[in-house]
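Quick notes on the structure that follows.
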Ligand SMILES: [Zn+2]
């Protein structure tokens with residue numbers, strides 16, 4: 001389990017799992033202190049749909065979930081794609097985002113931030129973001145179509161790396177640029193260093209093993225009525 005440095009002080013359950021912890025509800029409940037039945041993971045389809053969870057119900061098709069509701073653990077499943085946790089420390093809003101190259105090309109993180117600023121009146125200075133383990137620029141070689149799509153949403157930057165006639169992209173750096181362009185201060189952003197493809201003994205990597213299994217990123221607001 002990885003606990004983002006910038007969310008530690010919040011006292012929230014906010015963490016990224018590895019291949020041992022995975023996405024098994026019992027384990028997530030144990031780690032977070034939130035009951036299994038209050039764990040919400042959307043049906044991920046590499047969309048740019050941001051679901052605002054008001055009443056806890058069945059999973060919706062979305063690749064980002066935002067909530068102000070307490071006592072719910074939001075999560076996204078990944079194996080190379082980037083899990084992103086978002087927290088408005090002033091208004092107490094949380095979000096979990098799934099960003100592969102498609103989500104990154106569709107600007108899903110920016111769209112999540114926009115939902116927070118528009119619907120919840122979040123200020124960008126109050127939004128903290130943690131980027132979890134994903135495939136990184138060391139390993140993620142992509143074709144020209146993928147590069148063009150991500151570049152159209154992100155602009156130029158240090159997330160594009162050319163080596164040996166191939167082009168590699170770094171999903172963390174691309175999403176970092178997108179967050180900065182929304183006006184978030186750099187000091188509000190935290191990045192896990194790990195590359196899932198480099199560390200198959202620690203993380204599921206779809207590219208490495210074509211696995212169906214997933215780890216995840218999880219965040220929730222504690223229920224004020226329950227003393228955990
Ligand atoms: Zn790597």
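In the list 202, 207, which residue meets the criterion of being under 20 Å from the mean Cα position of the chain (by Cα) and under 23 Å from residue 64 (Cβ atoms)? Only one candidate qualifies: 207.
Scanning the stretch 56-77 for residues that are part of a loop (DSSP other than H, G, I, E, B) and touching a residue at least 12 places away in the same chain (Cβ under 8 Å) yields 56, 59, 60, 62, 63, 68, 69, 71, 72. Got at least one residue in the stretch 187-199 being in a helix (DSSP H, G or I) and out of contact with any helix residue (DSSP H, G or I) (no Cβ under 6 Å at 6 or more places or on another chain)? Yes, that holds for at least one residue.
From the list 130, 79, 95, the one residue that fits, being buried (at least 21 other Cβ atoms within 10 Å of the Cβ), at pLDDT 95 or above and under 27 Å from residue 210 (Cβ atoms), is 79. Within the stretch 143-163, the set of residues being within 15 Å of the ligand (Cβ to nearest atom) and either surrounded by 17 or more Cβ atoms within 10 Å (Cβ to Cβ) or in a loop (DSSP other than H, G, I, E, B) (or both) comprises 159 only. Hey, does the stretch 37-50 have a residue that's without any contact (Cβ under 8 Å) to a residue 60 or more places away in the chain, crowded, with 22+ Cβ neighbours inside 10 Å and within 23 Å of residue 175 (Cβ to Cβ)? Checking the stretch 37-50: at least one residue is without any contact (Cβ under 8 Å) to a residue 60 or more places away in the chain, crowded, with 22+ Cβ neighbours inside 10 Å and within 23 Å of residue 175 (Cβ to Cβ).
Restricting attention to the stretch 9-26, the residues that are within 15 Å of residue 220 (Cβ to Cβ) and either surrounded by 15 or more Cβ atoms within 10 Å (Cβ to Cβ) or at pLDDT 95 or above (or both) add up to 9. When the residues of the stretch 128-142 are narrowed to those that are assigned to a strand (DSSP E or B) and within 14 Å of the chain's Cα centre (by Cα), which ends up nearest to the ligand (Cβ to nearest atom)? Among those residues, the one meeting the criterion is 134.
The values are calculated or read from the model by the stated rules, or taken from the named source; none is laboratory data. Keep in mind that this is a model prediction, so the values were computed, not measured. All Cβ positions, glycine included, derive from the backbone under ideal geometry; neighbour counts span all protein chains shown.
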